[in-house]
Amino acid sequence: GCVLVVSVIEQLAQWHNSTVKAAMERLCNYIPGKYQIIHHNIDREMNADVVCHSLKLCKQDPGQPLCHLYPPPKVSCFFTFFKATDCGRTNASIFFYFLPLQKSFMGFSSVCAFPLLANLCEKIKYVMRNKLPFEDFDGDKFSTFPTLRGYHWRGRDCNDKNTTVYPGRRPDNWDVKSDSNCNGIWGVDPKDGIPYEEKFCKGADSQGVVLLGDSAGAHFHIPPEWMTVTQMSAKSFANLPMAFTDELDWPQFSEITGFLNSTIGGWTDSLYLRLRRRNRCNHRDLQNISQNGMLTAYLSFSLARNQLLDNPAIVIYATIGNDVCNGNRDTLAHMTTPKEMLSNVVQALQYLDSHLPNGSHVILTGLVDGRFLWDNLHDRYHPLGQLNRDITYSQLYSFLDCLQVSPCSGWLTPNETLRNLTSERALQLSNVLKEIARSEKFANFDIFYMDFPLRQTAEEWHKMGGEPWQLIEPVDGFHPSQIAAALGTSITWQKALHEWPQVLGKENPFNDQIEAIFKDQGGH
C-alpha cells in the first residue's frame, strides 16, 4: 500500500513537473471526503521502495529476501541508508519528514480501538464475515441501502420495516393491496378485477438467481485511473467511497447478478438481466453471496430463501480459483485436494437442499485455467509502470510473491512447471465437480456442471477484434475484466438454452404489457 501511494505521488510530480509536496496536495484535492495525506517532502531521487522501508511500513524479516517493486539502488547505498548514514542525496532524515505519514498509515489499523467506534467496527466485521446487509431494519437480509452488502448485492427491499416483504417471495394474496415481493407488480386491474400479479405472473415459472462465489463472482475491480497519473483527476476518485464500502467489488455490474449499466468500462450483461427479460416477474430476485478470497471450505451461507414461501432459484456455485490459489511459498501444499473438494461441495449442496424451494436448479462451475494470465500479461506494462515503462506485470507478480500476498503464487510466476502443476490441480478439482453433478441427487434441485468458459470467451472477443489481455483486470492482473464478465454471460446463456432449457423457465408472454403499465404509471 505504501509503495503504491508513494509511486503515484512521485509520478504526479513528474507528470505535472511539480514538487513532490505539490503532487501530494494535488492528490489530496482529487480524493473526496476527509481522506487526507500528510504533506511532507519526498526526495525526487528516492524510489517508493526506499521511502517505504525508511518509514518501516515495509520491512525485511530475518532470513527473507528483500522485497522491492523497483530496481534497488546500489547495494551499499540501499543498506547503509537504514543505518542512518549519508548516501548521496538519500539520507535518514527522510524518516523524520515522514513520521506523521507513518502514524497516519498505522492509524487505520488501530482506529477500531476507539470506544466510540468499537461497536461500529464489530458490526462491519460481522457484516463482511457473514455477507449480510449492514442496514437491514427488519432483519430479512435485504436492504434499501446500496453498499455494505446492501442492494448492490441483493435485490432492493421495498419495505425495510416489514420482515414478510422482500424480493423473491411468492405474492401474498396475489399482492392485491401491496407489493410483497418487490417486483413492482401489485394491485387489481380495474377492467376485470383480476390482480395484476395473478394475471401476469401465475404459472410464469418465476425464479431468482443466487451466486455463491469468490472475488471473481463479486467482481473485484480497482479502477486503473486511481494509479494512472496521465488520466488522474478529481473525477477519477468520485467512486472511491462506494468502492471501499463494497469491498472493492462491483456486484452491480457482475456476470451473474449485474443490474446497472457499467461505469467501469465494457458493458453489463448478466444472468439476472436475461432472466428478468425472459420473465419480468423476476424483477429484483437476485443474491450475490460472494466474498474475496473465498474457498469451498469456507463458504458460509447467508442465503435468504424460505422453502415454503419463496420462489425457486437458480444457484451458480463458482469458486473458480481460490482452491488452487494462495500466496504461500509452498503453494502446492496449501491447495485444496480432490478429497477435500468432494467433502466441501457435498456439504454445501446438502445445506442448499435444506434451504432451497422445490424446483430449484444448481449449476457447478469448473475452475479456470489460470495459465492464461501469465501468457498474456507478463511482459506488458502495469498501469503503475506505463508512464516510465518501468514496471511489468512480471515485476508486480514477483513483488507480491516476495511479500507472500500474491493472489495466486501458482499461476502468477515465471516458473512454467509450477504454472502447469497448478492447472493440473485445477482440472482435478473441476473433475470432482463434474462427477458430483453426474452422480449426486437432491430432493429440491437438479444439478448441472459447466466448464469455466475462458477459451470460448477469448475466441469470441478475438472475433470482435479484441486482445486477450483486455479480458483481465488491469490493476491486479488476475481477475476477469468487465468485458470478460459480459461475454461470459452470453456463452453461459447459450449453453443453458441448448442443453438445459428447463433451467431458464419459459418466456412470459405478458412482459410487454407489464412494461406498458409501468410506463403509464411513470414507474420503472
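The values are calculated or read from the model by the stated rules, or taken from the named source; none is laboratory data. Only a predicted model underlies this, so the values are computations on that prediction, with no experimental measurement involved. Virtual Cβ from ideal backbone geometry, glycine too; neighbours counted across all protein chains shown. Note: accessible area is taken over every heavy atom of the protein model, side chains too, but ligands, DNA and RNA are not part of it. Shrake-Rupley method; radii C 1.70, N 1.55, O 1.52, S 1.80 Å.
Residue-wise test of (1) charged (D, E, K, R); (2) modelled with pLDDT of 95 or more.
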position: K434; (1), (2): yes, yes
position: F445; (1), (2): no, yes
position: Q456; (1), (2): no, yes
position: E460; (1), (2): yes, yes
position: K519; (1), (2): yes, no
position: H524; (1), (2): no, no
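Pairs meeting the criteria (first residue in the range 495-522 and more than 18 Å from N311 (Cβ to Cβ), second residue small (G, A, S), beta carbons under 9 Å, at least 6 apart or on different chains) are P509/A204; I517/G523; F518/G184.
The one condition from (1) closer than 27 Å to S394 by Cβ; (2) at pLDDT 95 or above; (3) charged (D, E, K, R) that K59 does not meet is (2). Note on the range 16-56: residues that are out of contact with any helix residue (DSSP H, G or I) (no Cβ under 7 Å at 6 or more places or on another chain), of a type in the set (D, E) and modelled with pLDDT of 85 or more amount to 1.
Residues considered: E440, E416. Of these, the only one that is in contact (Cβ under 8 Å) with a residue 24 or more places away in the chain and either open to solvent by 70 Å² or more (accessible area, probe 1.4 Å) or in contact with a strand residue (DSSP E or B) (Cβ under 8 Å, 6 or more places away or on another chain) (or both) is E440. Scanning the range 457-474 for residues that are open to solvent by less than 70 Å² (accessible area, probe 1.4 Å) and assigned to a helix (DSSP H, G or I) yields T457, A458, W461, P468, Q470, L471. Of the candidates Y151, Y166, the single residue that is part of a loop (DSSP other than H, G, I, E, B), closer than 16 Å to T257 by Cα and among the aromatic types (F, W, Y) is Y151. Condition check for E247 on (1) of a type in the set (D, E, K, R); (2) on the phi > 0 side of the Ramachandran plot; (3) surrounded by fewer than 18 Cβ atoms within 10 Å (Cβ to Cβ): one failure, at (3). Among the residues of the range 443-455, just one is part of a helix (DSSP H, G or I) and open to solvent by less than 70 Å² (accessible area, probe 1.4 Å), namely L454. Among the residues making up the range 249-284, those that are assigned to a loop (DSSP other than H, G, I, E, B) and closer than 16 Å to G150 by Cβ are W250, S254, T257, G258, F259, L260, R284. Residues in the range 316-346 that are open to solvent by 30 Å² or more (accessible area, probe 1.4 Å), charged (D, E, K, R) and at pLDDT 95 or above: D330, K339, E340.
This table checks each residue for (1) over 29 Å from G266 (Cα atoms); (2) of a type outside the set (S, T, N, Q).
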site	(1), (2)
Y196	yes, yes
K199	yes, yes
G203	yes, yes
Q207	no, no
V210	no, yes
G213	no, yes
P224	no, yes
M227	no, yes
Q231	no, no
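Of the residues in the range 415-425, at least one is outside any loop (DSSP other than H, G, I, E, B) and under 23 Å from the mean Cα position of the chain (by Cα). Please determine, by comparing only the residues of the range 351-407 that are outside any helix (DSSP H, G or I) and hydroxyl-bearing (S, T, Y), which one is farthest from the chain's Cα centre (by Cα). In this case the residue turns out to be S354. Looking across the range 159-202, just one residue is more than 31 Å from the chain's Cα centre (by Cα), of a type in the set (S, T, Y) and surrounded by fewer than 20 Cβ atoms within 10 Å (Cβ to Cβ), and that is S178.
Condition first: hydrophobic (A, V, I, L, M, F, W, C) and in contact with a strand residue (DSSP E or B) (Cβ under 6 Å, 6 or more places away or on another chain). Now tell me which residues in the range 276-297 satisfy that. Of everything in the range 276-297, those that are hydrophobic (A, V, I, L, M, F, W, C) and in contact with a strand residue (DSSP E or B) (Cβ under 6 Å, 6 or more places away or on another chain) turn out to be L286, I289. In the set (1) within 21 Å of W226 (Cα to Cα); (2) open to solvent by 30 Å² or more (accessible area, probe 1.4 Å); (3) at pLDDT 90 or above, the condition left unmet by A13 is number (2).
Apart from one condition, Q64 fits all of (1) of a type outside the set (A, V, I, L, M); (2) at pLDDT 80 or above; (3) within 21 Å of I222 (Cβ to Cβ); the exception is (3). Going by the conditions given, is Y397 aromatic (F, W, Y), open to solvent by 60 Å² or more (accessible area, probe 1.4 Å) and modelled with pLDDT of 95 or more? Against the criterion (aromatic (F, W, Y), open to solvent by 60 Å² or more (accessible area, probe 1.4 Å) and modelled with pLDDT of 95 or more), Y397 does not qualify.
Would you mind stating whether L309 is open to solvent by less than 10 Å² (accessible area, probe 1.4 Å), more than 15 Å from the chain's Cα centre (by Cα) and within 24 Å of N358 (Cα to Cα)? It is false that L309 is open to solvent by less than 10 Å² (accessible area, probe 1.4 Å), more than 15 Å from the chain's Cα centre (by Cα) and within 24 Å of N358 (Cα to Cα). Among the candidates K191, K235, K199, the residue that is outside any helix (DSSP H, G or I) and either more than 23 Å from T319 (Cβ to Cβ) or in contact (Cβ under 8 Å) with a residue 24 or more places away in the chain (or both) is uniquely K191.
Contact map, the range 262-288: first residue farther than 28 Å from I222 by Cβ, second residue open to solvent by 20 Å² or more (accessible area, probe 1.4 Å) and acidic (D, E), Cβ cut-off under 6 Å, separation 6 or more or different chains; pairs are R278/E507. In the condition set (1) of a type outside the set (K, R); (2) open to solvent by 40 Å² or more (accessible area, probe 1.4 Å); (3) under 30 Å from G385 (Cα atoms), A516 is compliant with all but (3).
Within the option set L101, L148, L120, being more than 30 Å from V50 (Cα to Cα) and modelled with pLDDT under 80 holds for one residue only, L120. The residues listed here are S360, S354; of these, the one that is farther than 25 Å from Q64 by Cβ, among the small types (G, A, S) and surrounded by 23 or more Cβ atoms within 10 Å (Cβ to Cβ) is S360.
Within the range 322-350, the set of residues being in contact (Cβ under 8 Å) with a residue 12 or more places away in the chain and in a loop (DSSP other than H, G, I, E, B) comprises N322, D323, V324, C325, N326, G327, N328, R329, M335, T336.
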